[in-house]
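What follows is a set of notes on a single structure, which appears directly below.
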Protein chains: 4
Amino acid sequence: MAKIAMLGSGFIGRFYADSLQGQRSRDKIVSIYSRREESAKKFAEDYKVTHWTTTMEEAVANPEVEVVCVSLPNNLHEAAVELCCKHKKAVICTKPLGRNAAEAKRMLEAVEKAGIFHGYLEDLVYTPKFLKALESVQQGALGRILWAKSRETHPGPHSEWFWDKEQAGGGCILDLGCHCVEIARSFIGKDVKPVEVMCWADTQVKPIDAEDHAIGLVKYENGAIGQFEVSWTFRGGLDLRDEVMGTEGTIWLNSFLRTGFDMFTTGKGADYVAEKAESNSGWLFPVGDELNELGYNHMFTDMFNAMEDGKAARETFYDGYVVNAILDAAYKSAASKQWEPVQLEIWRGKEGLSKEKTQQDYDEQYYLVKEEMTHFGAKKVILKDKKTGQIIEKTLA
Amino acid sequence: MAKIAMLGSGFIGRFYADSLQGQRSRDKIVSIYSRREESAKKFAEDYKVTHWTTTMEEAVANPEVEVVCVSLPNNLHEAAVELCCKHKKAVICTKPLGRNAAEAKRMLEAVEKAGIFHGYLEDLVYTPKFLKALESVQQGALGRILWAKSRETHPGPHSEWFWDKEQAGGGCILDLGCHCVEIARSFIGKDVKPVEVMCWADTQVKPIDAEDHAIGLVKYENGAIGQFEVSWTFRGGLDLRDEVMGTEGTIWLNSFLRTGFDMFTTGKGADYVAEKAESNSGWLFPVGDELNELGYNHMFTDMFNAMEDGKAARETFYDGYVVNAILDAAYKSAASKQWEPVQLEIWRGKEGLSKEKTQQDYDEQYYLVKEEMTHFGAKKVILKDKKTGQIIEKTLA
Amino acid sequence: MAKIAMLGSGFIGRFYADSLQGQRSRDKIVSIYSRREESAKKFAEDYKVTHWTTTMEEAVANPEVEVVCVSLPNNLHEAAVELCCKHKKAVICTKPLGRNAAEAKRMLEAVEKAGIFHGYLEDLVYTPKFLKALESVQQGALGRILWAKSRETHPGPHSEWFWDKEQAGGGCILDLGCHCVEIARSFIGKDVKPVEVMCWADTQVKPIDAEDHAIGLVKYENGAIGQFEVSWTFRGGLDLRDEVMGTEGTIWLNSFLRTGFDMFTTGKGADYVAEKAESNSGWLFPVGDELNELGYNHMFTDMFNAMEDGKAARETFYDGYVVNAILDAAYKSAASKQWEPVQLEIWRGKEGLSKEKTQQDYDEQYYLVKEEMTHFGAKKVILKDKKTGQIIEKTLA
Amino acid sequence: MAKIAMLGSGFIGRFYADSLQGQRSRDKIVSIYSRREESAKKFAEDYKVTHWTTTMEEAVANPEVEVVCVSLPNNLHEAAVELCCKHKKAVICTKPLGRNAAEAKRMLEAVEKAGIFHGYLEDLVYTPKFLKALESVQQGALGRILWAKSRETHPGPHSEWFWDKEQAGGGCILDLGCHCVEIARSFIGKDVKPVEVMCWADTQVKPIDAEDHAIGLVKYENGAIGQFEVSWTFRGGLDLRDEVMGTEGTIWLNSFLRTGFDMFTTGKGADYVAEKAESNSGWLFPVGDELNELGYNHMFTDMFNAMEDGKAARETFYDGYVVNAILDAAYKSAASKQWEPVQLEIWRGKEGLSKEKTQQDYDEQYYLVKEEMTHFGAKKVILKDKKTGQIIEKTLA
């Protein structure tokens, strides 16, 4: 049983609480901190939390508390983490870890120095679909991974602080790109070094300073490419899709708008449908169980099991730091209009990988370029002469 | 915390155990009974169950046990339930409740007489998609329900006893139809009386005595129609789909083969993909989290929460009995080739409902038949004269 | 080049004309007949038809006309066909052929007696998807066909006469069931005799005399089952889906609402989207090319190529007659509440087929019931003793 | 009626011929040129072409020929076009127009100087889905277009010359990117100037010199972004998808792998399924009518109608030139690793567009950032102070 202090009572804090105390969970929130008393009380009442406070440190220091869940605006993560270090409480922190890599690095170093358990709450690498897909990838079902794309777009976040560059640290790259980057990185291999980033970003629609639409490519040391597509200007709901290409296969995940649940209604009687849905009549695409589909359940299970077993979680502050470093490079690239290196002062994965060459021998003279069935049922091969480089075509009986 | 005796260590018992002790569950299996010692021991080891036995009563009587989970072949349900009554242990029983309504009725009467908690483990009315769809239906998003269809087909069950008519009590109607009937009944309203059934059944492919393919219609007192399509001869995996039509809307659920997870693999490295998948190369359609998607998690949550709160579960032995009564009528109809009445000696819902008439007035003279937009952007109405019955068409400016 | 007289200038006549004179077609409508002068003139203008008339015989008798396309309400088909016989003009007639089998039989006998070319305009067995699916079925990709279902439901037809039982001859069974029955029959084999029908029909919503919702099963001599689901009460657009199950495979066709075209719009600027769409904002599912997707192009190509080659079309009045005979049995069954025989006074297919038995030998002692991979990667077989009938399970190394 | 000389008898030439002479077409191929006599003869026989030759000029000069269809490898387009200019024959040329913009420009200038009709055979902007989507976009259903992505990936082309950089002029960027670029450009507006391109390209799998995988972004003068994703390394068939985002809506097109046609087969009896499918068992996704779905029919209809009407086709050599100029910039960017300007010596669209600003007033003090429904059914607005830039959140009753 984990005894949790929740810092923050907003949209994400409540979502977390629904998961933490949902189903037949043995875990319990024992303290809630919110900047606003009214909000803290309401949360305490709704989730039957015995202790509430408007002083962050009081929640962290509460002796019943074993683990602190940081669900605050981005600009408050570091202060919260410092308190956990001071009071030697395990800490799990919502995404992105920092507003930039410098902030994230300080947090990582602080928790490691304090010797406390730390988890990075990147829920989208804990969705059931992602977990099963990753398992297939790791078992080799897709061969060597060439490209992994993750897309998260919707009509914009729920709370005002997201839209304020100072509090949030950025726009949709930071808010949504952090998910996408970690998804792609996981498929490609978390021990493969991200080396450089190319990113386009723009403020196309919203009256804000930060970007509301961005697309980026992350090149890894082994030649694989991660891609993110993020926006706060998408119309139609929450678009959450991943795609992976490998030498032996393909994966397509749709985590929200097309999951096998289609509803048409003329509009009488329907209420809240799904996170970020845009209407309540016509064809709607609800998700059965958002908490599970968005990965919250499996994420907290991993966090608390790891904590109880004295192991590291799948996602730690180190991962949060790597993601921030990649996003920093993305922001730089959007400004410089060229590929920018990922600055990783801390790197714990492989070094010196190079692009794998896969020239498949056909026979002594030729490489195999392609094999296919023709319309007429014959087998055809396209071959490349190893010496001359000439390409030829050969139809087999 | 629920302390459970599991009766049966086969495919379904293990699936249940994965859910019961999965995620951060506070519940625990404390005793396992299996007919075969080897199987009991293996289960005990895999799920860290402290007590195992090959004597059913020993598991039920075990003083630590609060609730008994019956995961046995159909022909053993009644004996297990009797033991629970004798030892006054709460009981939850897998589907179908009985091999027929007579058996189910005896079980229902026994648990009620014994005053013990009883739950009917019909997981497919606990899938996240179903629960959210049902909520929408109950809120009126679809208006009056006209028709609800549920389809479950696959290439056949895993264990030998399903294929033996004596042990199973029937073929795919009993095995799969029980799910479909309860799904449709739930959408239409569990307090609306099922009155008659028309069913076609045949043994089209398998060398067995029972049916391997059947289609049935269940007529409810208010004129709504439930439909089931079941088969053990389907090729391509586990097809699990529901459809609902109402006067104001439509719902389509796909619970297995098309849930937003598409994978192509040439076949190197992939292993077990999903329950009842038929291959491990080409395009595959895994499910992210079978336990959750198939409703096990929400089902056990409902069961144990209800038990702890001293309330009835959403699905009780009464529901199991109603389902068996409907399936009995289906078997009769398949033989008699006509609609057969549902024999319900126990009925606790509404009585005397009649078909709702919905003649929508257009004006004093006409009923509205239909309203539509033409290709040319004009609005057109089709009207019926209230007196003469004549149908006319009118284009509005 | 085919020179056509079009009888009828309504919704279907215009749809046909769009196809007949569409793309780079060499065919031409040379005469248009409509009951209403205004409508005839408008059609003539829109489609550049040189001759228009309000006298049916004038169009048929027009010397330039080679082939007459009957696009009239159901109650006028027979009279139109009689005129074609009289003037020895080839005739192609929209669906259903007659209001009942008696009418259809008279038309069939008349055209055969007159020795004129006749085609039955059942467009939905000419959709590109259907044609390719049928080809796969005929090549054996699905093995022996067990079941073929076709579903057509929408919010009701466009013109007033459909809603009038006298003119239309019935409700949605006749209007939509004719499509579904011919689709299923084609997959099962047009030479396999339909023997009996079970049908439920009701008027659940609309203020009309005819049925607005029906479901039927058609049993064929070889044990295969055709199923139709038809309704004028569906909400959400035009639902057009087919499913086929065979011993070796499965086919699912979605011809309208989910064809790979998804559009979300807040509603500014969108107009007519697709036949029978219900709204013009939110998520919409247009079809790229309705004429082609609904089969019109391939249908007319087959008709005119056959006519020019002196061959029979794929769909003739004989097929229309068989369909009407099946629908007659459906109406009877809806009233009698039991399976009703299909009365086929004319039958030109196979006779005396019986249900195929497929007991697959495993070895000398056993039949194979099922073979599968277990979770643990082992191969398991379920076997039936040929003599005792006992079912056993065997795990292979 | 168009009388056509076909230059090239390979895969694409035959595909074109199937469309040109398909259905009830009035058009006719009257001469076929192929480098290989055997191939020319076979084509002539299959398509009933009266004249065949192995001399290109003979086909072009053939007096019966009105229009020449160039279906040759990329390196032969220019020579073929020159012959058409010389003999004053209308010319339609397959994609890409040139191997680079210089080649394309020479062809454009040549046909304009010769005063002959010229069409650019970019079939994918003629698919029925694309045409309907474009119409919706042009009617404003999506508001202002922000981003248009087109993706074409498959396991590699059919003929050897594609794999030879000299003949083809490049790899998948040229082969597939030409489609994607024109699709995105069409959605954004063909009169909006493409200004710069950022592209990543690599040879990840194939033993070739050209790129087998690339991703590019094309920035347009009004701030809109076109995106292409192309590869010859994709596993699973032909992936052909477009996505468009506008301020008021979204479009998703899937033109090949998910079009509402799903087939599972154990593999007995199935043959050729679809262009570039990778297997013939398991779950397969055929396309109903490839010719129509890939746009060939509507493309040739537009070409010949335009030619007969003395108008320009929707796609002319000018469009082919613009596409080549964009692809040139893509190749440059892949090498230079920065955004590269699109060099357009000929530009006939708008000049001087700037990014549209859309600050929506909420009231005098605030801009509206976002409006949404909360979980609790209340309406919430996020606002930005026009002067201070402060973001606030306000819940409305």
**OP:** Determine whether residue D:86 is among the basic types (Lys, Arg), closer than 24 Å to residue D:305 by Cα and open to solvent by less than 40 Å² (accessible area, probe 1.4 Å).
**Re:** no
Original post:
Within the range B:179-199, can one find any residue that is more than 14 Å from chain A (Cβ to nearest Cβ), more than 15 Å from the chain's Cα centre (by Cα) and among the hydroxyl-bearing types (Ser, Thr, Tyr)?
Top reply: no
**OP:** Kindly indicate whether any position in the range D:36-43 is in contact with a strand residue (DSSP E or B) (Cβ under 7 Å, 6 or more places away or on another chain) and surrounded by fewer than 18 Cβ atoms within 10 Å (Cβ to Cβ).
**Re:** yes
**OP:** State the number of residues belonging to the range B:202-221 that are at pLDDT 95 or above, charged (D, E, K, R) and open to solvent by 10 Å² or more (accessible area, probe 1.4 Å).
**Re:** 4
Subject >> Tally, over the range C:19-37, of residues that are assigned to a helix (DSSP H, G or I), within 13 Å of chain D (Cβ to nearest Cβ) and not small (Gly, Ala, Ser) >> reply: 1
Subject >> Hits in the range B:247-256 - residues which are closer than 30 Å to residue A:129 by Cα, open to solvent by 10 Å² or more (accessible area, probe 1.4 Å) and out of contact with any helix residue (DSSP H, G or I) (no Cβ under 9 Å at 6 or more places or on another chain) >> reply: B:252
Subject >> Yes/no for residue A:72 being open to solvent by less than 10 Å² (accessible area, probe 1.4 Å), within 25 Å of residue A:169 (Cβ to Cβ) and in contact with a helix residue (DSSP H, G or I) (Cβ under 7 Å, 6 or more places away or on another chain) >> reply: yes
Original post:
Under the condition of being surrounded by 22 or more Cβ atoms within 10 Å (Cβ to Cβ) and aliphatic (A, V, I, L, M), which residue from the range D:230-246 is farthest from residue D:287 (Cα to Cα)?
Top reply: D:245
Subject >> Among residues of the range C:318-339, those that are more than 21 Å from the chain's Cα centre (by Cα) and at the interface with chain B (Cβ under 10 Å from one of its Cβ atoms), counted >> reply: 4
Original post:
Among the residues of the range C:356-367 satisfying the criterion of being modelled with pLDDT of 85 or more and more than 8 Å from chain B (Cβ to nearest Cβ), which is farthest from residue B:11 (Cα to Cα)?
Top reply: C:364
**OP:** Tell me, yes or no, whether the range B:203-214 has at least one residue that is within 13 Å of chain C (Cβ to nearest Cβ) and within 23 Å of residue C:230 (Cα to Cα).
**Re:** yes
Original post:
Of the residues in the range D:303-317, how many are surrounded by 20 or more Cβ atoms within 10 Å (Cβ to Cβ) and facing chain C (nearest Cβ under 10 Å)?
Top reply: 2
Subject >> The one condition in (1) under 21 Å from the mean Cα position of the chain (by Cα); (2) surrounded by 18 or more Cβ atoms within 10 Å (Cβ to Cβ) that residue C:348 fails to fulfil >> reply: (2)
Original post:
Would you call residue C:26 more than 25 Å from the chain's Cα centre (by Cα) and in contact (Cβ under 8 Å) with a residue 24 or more places away in the chain?
Top reply: yes
**OP:** Only helices (runs of 4 or more DSSP H) wholly contained in the range A:108-195 count here; list those with 3 or more residues that are surrounded by fewer than 23 Cβ atoms within 10 Å (Cβ to Cβ).
**Re:** A:128-138, A:165-168
Original post:
Within the range D:151-169, restricting attention to residues that are under 27 Å from residue A:394 (Cβ atoms) and modelled with pLDDT of 95 or more, which residue is farthest from the other protein chains (Cβ to nearest Cβ)?
Top reply: D:152
**OP:** Output the residues belonging to the range B:232-266 that are touching a residue at least 40 places away in the same chain (Cβ under 8 Å), within 14 Å of chain D (Cβ to nearest Cβ) and more than 22 Å from residue B:138 (Cβ to Cβ).
**Re:** B:233, B:234, B:235, B:236, B:237, B:238, B:239
Original post:
Filtering the range B:210-248 down to residues that are in a loop (DSSP other than H, G, I, E, B) and among the β-branched types (Val, Ile, Thr), which residue is nearest to residue B:336 (Cα to Cα)?
Top reply: B:233
Original post:
Could we say that residue B:139 is within 21 Å of residue B:328 (Cβ to Cβ) and at the interface with another protein chain (Cβ under 10 Å from one of its Cβ atoms) here?
Top reply: no
Original post:
Right, residue A:330: outside any strand (DSSP E or B), small (Gly, Ala, Ser) and open to solvent by less than 80 Å² (accessible area, probe 1.4 Å) or not?
Top reply: yes
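The values are calculated or read from the model by the stated rules, or taken from the named source; none is laboratory data. In this text the structure is predicted, and so the values were computed from the model without any measurement. Positions of Cβ are generated from backbone atoms using ideal geometry, with glycine treated the same way; all protein chains shown enter the neighbour counts. Heavy atoms of the whole protein, side chains included, go into the accessibility calculation; ligands, DNA and RNA do not. Shrake-Rupley method; radii C 1.70, N 1.55, O 1.52, S 1.80 Å.
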